[in-house]
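Chemist: Take a look at this one; I'll ask things after.
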Amino acid sequence: MRIKKKYYSFLFPLVLLVLIILQVYYIYNSYRLIEKDLIASSKEITTKIMDEMDEENDTSKEQLLQYFKYNLHKQLIKPQSNQENKTNFSFTSLKPKIDSLVNSYTKENNFEIAIRSEIYSLYDDINKKELILNNSLIVYESKNKITNPINVNQSVWTTDNIVEEKNTNLSINNKQHYKYKVESRVDFELLNIKFLLFKKIIPLIIVSLLIVSIIVYLYWKSIQNLEKQENKIKQLHLTIDSIAHELNTPITTIKFAIQTIQETEKKKIINRQLSRLENTIESIFEKNIEEEQLVNKKIIDDLFKEIKQQHPEVLIILNLDFQQNNSLNSYDFRLIVQNLIENSIKYGATKIQLNFEFNNIIKLLFSDNGIGIPEKDIPFVFYKYYRVNREININVNGLGIGLYIVKTTTNKYNGIIRLDNNKENGVNFLIELPNEK
């Protein structure tokens, strides 16, 4: 139980970390998708505004070209500075219109959009000269200014015409050829995009935090319940150990008392049951006997004669191949055999097949025709005090330590034990022990 707790204590933070990473990744992707959607919506609004502004803009563009035509002649007579060039023309008539359109298109969705249309190049193809030298010319711009522009439209158009010019002040009285290449762009920016993003993303963050909080709370409650169960199991172990300890005194008293019994058969039965009770108590305390005699063929034969006398109603078949034994003592052999046979009989076996080999490896195979063990319980049957929870077990007496004793004894010899159900009825136990000197 302690190992499981450590395992889950390590696994949970790992799973929680993965979950948090996935949640952050999901929120980030949602953030990016919402951002794209907001920019796309504001771009669509900007395009609509731009289309309406273009209708107003054609006259202003003609005025612009006219301005540059005359400005060019001025420069031919008297050169002027770039600053004069920049300030002599403006599109003031378009500015009220742009703000009105922005307010009209954004009032329903609470967008704060900034728009700017500008001409950044006007090239005189006749004189091979760029007429916009420094700052671009703002065609129209909303009252909200752009800081991080996103381009929505970029256009290039040309004009090529011959005009009869007449202006005595500029000494123009001839046909004049004009050819211009104009480059312009429209930029926009959604100024309150951060506010709109967080407004949409906060519910996702709250839900994600709520999910993580619930998982952490459930884990904490599970750990609490697990600790309570461990404490109950510890208390159960302590109670059983205390009972086993207290039984030592009455056993000793009974031993002295049976010395007065004259009838030999009754005396044998009582002694046999007392020995069985003593072995059970010793197994609870995991008593180790280092100096016990190694098991031999005679001890095995004597043990099975005794077992057959105790259980005449059960068919016990022994196939023994005894070559050598360099490790297994008789006490531990008796513990393994008696516990497995009594466990089989307790759970309905009427036939027990035993195949023992004592060679380079000791192999002890036990096979019975009892009720078997549910598959889901097989990994746990070797735990101390573990009993299978099923209706048929209610009337079966036991502490749940028989298989635990077998497993503990096998581990003492660095052996292995395998358990599986028969195809029809019963179970198979295979124990393999090293048999080296």
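Values quoted throughout were computed directly from the atomic coordinates according to the rules given, and no laboratory measurement underlies them. Computed from a predicted model, the values in this text were never measured in an experiment. Positions of Cβ are generated from backbone atoms using ideal geometry, with glycine treated the same way; all protein chains shown enter the neighbour counts.
Chemist: Step through the table entries 48/97; 36/199; 97/129; 48/107, compare each Cα-Cα distance with 24 Å, and write down the pairs that go over it.
Modeler: Numbers: 48/97 13 Å; 36/199 15 Å; 97/129 33 Å; 48/107 15 Å.
Listed pairs above 24 Å: 97/129.
Chemist: Quick one: go through the stretch 102-120 and flag any residue whose amide nitrogen is under 20 Å from the point 7 Å out along the Cα-to-Cβ line of residue 143.
Modeler: 102-117
Chemist: List the pairs from 234/351; 221/407; 232/363; 234/376 whose alpha-carbon separation is above 26 Å, in the order I gave them.
Modeler: Working: 234/351 37 Å; 221/407 33 Å; 232/363 38 Å; 234/376 24 Å.
In this structure, 234/351; 221/407; 232/363 exceed 26 Å between Cα atoms.
Chemist: Still on this structure: Under the 0.36 nm per residue contour assumption, what length would be gained going from the current alpha-carbon distance of residue 16 and residue 37 to full extension? Display every interim value, and only then the final one.
Modeler: On the way: separation 21, 0.36 × 21 = 7.56 nm, distance 3.11 nm.
Here the segment from residue 16 to residue 37 would lengthen by 4.5 nm.
Chemist: Sort out for me the Cα centre separation of the stretch 307-386 from the stretch 100-163, rounded to whole Å.
Modeler: 95 Å
Chemist: Quote to one decimal, in nm, the extra length available between residue 297 and residue 47 on full extension: 0.36 nm per residue of separation minus the C-alpha distance between them. Please report the intermediate quantities before stating the final value.
Modeler: On the way: separation 250, 0.36 × 250 = 90.00 nm, distance 10.12 nm.
Extra length from residue 297 to residue 47 when fully extended: 79.9 nm.
Chemist: If r is the Cβ-Cβ distance from residue 378 to residue 200 and R0 is 56 Å, what FRET efficiency results, to the nearest 0.05? Spell out each step's value before the answer.
Modeler: Working: r = 53 Å, r/R0 = 0.95.
Approximately 0.55, to the nearest 0.05.
Chemist: A further question follows. Which order do the peptides 205-214, 134-143, 338-347 take when ranked by the mean count of other beta-carbon atoms within 10 Å per residue, highest first? If you can, show how the numbers build up before the last one.
Modeler: On the way: 205-214: 12.3, 134-143: 17.0, 338-347: 20.2.
The peptides rank, most packed first, as 338-347, 134-143, 205-214.
Chemist: To the nearest 0.05, what FRET efficiency results for residue 271 and residue 408 with a Förster distance of 25 Å applied to their C-beta separation?
Modeler: So, using R0 = 25 Å, E works out to roughly 0.45.
Chemist: Based on the Cβ-Cβ distance of residue 99 and residue 28, what FRET efficiency does E = 1/(1 + (r/R0)^6) give at R0 = 30 Å, to the nearest 0.05? Each step should come with its number before you reach the end.
Modeler: Values: r = 36 Å, r/R0 = 1.19.
Rounded to the nearest 0.05, the efficiency is 0.25.
Chemist: Pulled fully out, how much extra length does the chain show between residue 322 and residue 236, if you take 0.36 nm times their separation in residues and subtract their Cα-Cα distance? Write down the numbers at each step before the final one.
Modeler: Values: separation 86, 0.36 × 86 = 30.96 nm, distance 4.15 nm.
Full extension of this stretch gives 26.8 nm more.
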